[in-house]
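Enquirer: One structure coming up, written as structure tokens, with questions to follow.
Values quoted throughout were computed directly from the atomic coordinates according to the rules given, and no laboratory measurement underlies them. Everything quoted here is computed from the prediction, not taken from an experiment. Don't worry about glycine lacking a Cβ; one is built from the backbone with ideal geometry, like all the others, and counts go over all protein chains shown.
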Amino acid sequence: MFEASTVKLLIVDGRITEVTEALIREVTGRAGFDGISIWVQGEPLVRGVSRERGQELAARFGSLGCAVQWIDEPRHRFAYDPRHPLRGDQPLRRLRWIDDALAIDHGTLSQWQLGELVSLGSIEALARAVAEQCEAWTREGLAITADERSLLASVSARELRLEAEIRAADDPRDAAGVYTDWLQEQGDPRGRLTSSEPELLERHASHLFGSAASLLPLLELEWCGGVLIGLSNTRPPIATDRGGWRELDVLFELLARPVCACVRSLRVGAGKLVSRDVEERLQAIDPRVREGIRSLYLYTVVGNSFGRCELLPSLEALELTVGLGQPLHFERLRALSVEVSGEDTIAALRESRLPRLDALTLRLGFRGWNNLDALLCCPALLSVRRLVLDDLSATGHPVWIEHGAELIEQLLRAPMIDRLDCLDLRGLSWTHNTLDAIEAVRDRLPQETLVLSRAEIDERLRGLGWDGIT
């Protein structure tokens with residue numbers, strides 16, 4: 001079925017006013033900070049709209065003094081041989097069209113030699129030309145597809161039962177080894193991959209990652225034999241890409257590739273996100289892949305809003321760089337790290353259901369430490385056996401430099417204190433006086449209570465520029 005090319009729009013300059021904010025809300029359905037973040041973080045204002053709609057929106061924003069960047073989104077038809085021994089690394093042909101102009105490209109999924117776009121005068125003439133060329137390639141015995149996802153799915157060896165066993169295993173090494181041997185037998189390049197052979201990864205980048213191969217230097221990959229089990233984009237985004245959105249899109253796009261079918265650890269960190277964007281991207285992932293994700297690190301700028309167990313039913317470890325916006329309901333979650341700088345997080349945790357939570361890390365701001373006793377009374381935290389407290393910021397003047405003793409008193413009032421196996425306070429900055437206060441109540445604290453030595457305290461405080469060491 002023929003489809004016309006589309007465009008996406010970015011706001012690249014202008015002032016945020018009530019009028020422009022209202023227009024963003026009208027176009028995207030996102031209001032307040034959620035809507036403004038589209039502008040601030042360089043996220044596309046709209047995607048996949050017709051050229052006519054793009055022209056209309058560009059004119060409306062332009063009338064408000066906003067400069068809008070117009071980016072064409074071409075459409076494609078790929079021609080490939082499903083039986084080619086090079087699989088996803090094989091030489092390909094591709095139709096590419098923008099508006100009424102058509103080109104024939106040659107190359108691989110990760111590197112194309114672009115043909116010249118030639119205008120055919122009308123969309124109708126373009127549609128006929130696309131159909132005729134696809135018919136000609138079909139007569140040559142080639143398969144035709146509109147996107148590289150289906151191309152890679154067609155040429156990649158898959159054994160769904162083995163993939164399910166890897167996702168379900170507590171330790172994936174044995175199951176991954178069986179799958180790696182099976183991939184070798186099928187002649188799939190993944191069967192020969194190991195983390196110690198980067199040249200193979202580079203040689204088969206097209207088969208593994210398609211057009212995303214060019215961004216591999218920005219990603220960190222964790223392999224278990226020939227099976228990819230960890231994916232991270234926590235490195236800084238490329239300088240020419242505002243907000244890191246391109247890397248974010250690519251990261252989630254990669255999860256649709258066969259090579260990522262067994263990913264268990266996902267770290268999303270390049271680019272500041274609002275949690276709504278993460279939820280939308282998670283929902284777009286194959287449910288089987290989502291079910292295999294055990295660990296998630298998320299760098300966001302707005303509180304969490306994806307705390308539903310059905311979205312990530314196997315999640316065991318969650319690390320957030322912000323507080324919570326709503327309760328968490330994860331039946332298998334064992335480790336949680338979260339910022340506590342306001343009452344929203346306390347309210348969210350009070351309503352959370354985390355029956356297996358064992359390890360908790362709290363990064364404390366002023367309001368966090370001031371309400372610590374209320375936080376530690378939350379029913380969802382009563383199963384915690386390891387508690388780690390950290391400064392929210394490694395710089396500045398943390399309030400517990402002078403109020404450490406009050407924080408210790410709050411800890412002693414917490415119902416969980418008698419059940420803790422470990423209390424780690426090494427991330428906090430305070431004075432020798434507070435250390436003396438800890439020593440005075442050592443018998444009421446967990447046996448494994450970890451604190452900085454006096455020399456380490458002195459070094460920490462000097463690093464913070466605080467000279468009142470006592």
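Enquirer: Evaluate the distance, in nm, between pseudo-label points positioned 7 Å from the Cα of ALA4 and of GLU310 along their respective Cα→Cβ axes.
Expert: Result for the modelled spin labels: 3.7 nm.
Enquirer: Got a sec to turn the phi values of the range 173-179 into Karplus ³J(HN,Hα) couplings, 6.51 cos²θ - 1.76 cosθ + 1.60 with θ = phi - 60°, whole Hz, x for Gly and Pro?
Expert: Whole-Hz 3J(HN,Hα) from phi for the range 173-179: 5, 5, 5, 5, x, 5, 5.
Enquirer: Further, regarding this structure: Under 1.5 on a/c is rounded, so check that first for the range 5-120, then, if it is not, pick prolate when a/b is larger than b/c and oblate when it is not; a ≥ b ≥ c are the square roots of the alpha carbon gyration tensor eigenvalues.
Expert: Prolate shape, in that a/c is at least 1.5 and a/b is the bigger ratio.
Enquirer: While we're on this one: Using the Karplus curve 6.51 cos²θ - 1.76 cosθ + 1.60 with θ = phi - 60°, what ³J(HN,Hα) values do you get for each residue of the range 440-447, in whole Hz, with x for Gly and Pro?
Expert: 5, 10, 3, 5, 9, 9, x, 4
Enquirer: 5 Å is the cut-off here: which amide hydrogens, built 1.01 Å from N in the peptide plane, fall below it relative to VAL388, excluding neighbours closer than 5 in sequence?
Expert: Residues meeting the criterion, in which the H sits 1.01 Å from N, are LEU360, THR361, LEU362, ASP424.
Enquirer: What are the semi-axes of the equivalent ellipsoid for the range 64-204, taken as the square roots of 5 times the Cα gyration tensor eigenvalues, largest first, in whole Å?
Expert: 37, 20, 14
Enquirer: Mind ranking 280-288, 217-225 by how tightly packed they are, going by the mean number of other C-beta atoms within 10 angstrom, highest first?
Expert: 217-225, 280-288
Enquirer: Distance between Cα centroids, the range 15-30 to the range 316-391: provide it in whole Å.
Expert: Measuring centre to centre over Cα atoms gives 34 Å.
Enquirer: May I ask you to evaluate 6.51 cos²θ - 1.76 cosθ + 1.60, the Karplus curve with θ = phi - 60°, for each residue of the range 63-78 and list the ³J(HN,Hα) values in order in whole Hz, giving x for glycine and proline?
Expert: 5, 9, x, 9, 8, 10, 8, 9, 10, 6, 10, x, 10, 9, 9, 9
Enquirer: So how do 147-154, 93-100 stack up, highest first, on mean other-Cβ count within 10 Å?
Expert: For the peptides 147-154, 93-100, the packing ranking is 93-100, 147-154.
Enquirer: Ranked highest first by average number of other Cβ atoms within 10 Å, how do 429-437, 409-417 line up?
Expert: Numbers: 429-437: 18.7, 409-417: 16.3.
Packing proxy ranking, top to bottom: 429-437, 409-417.
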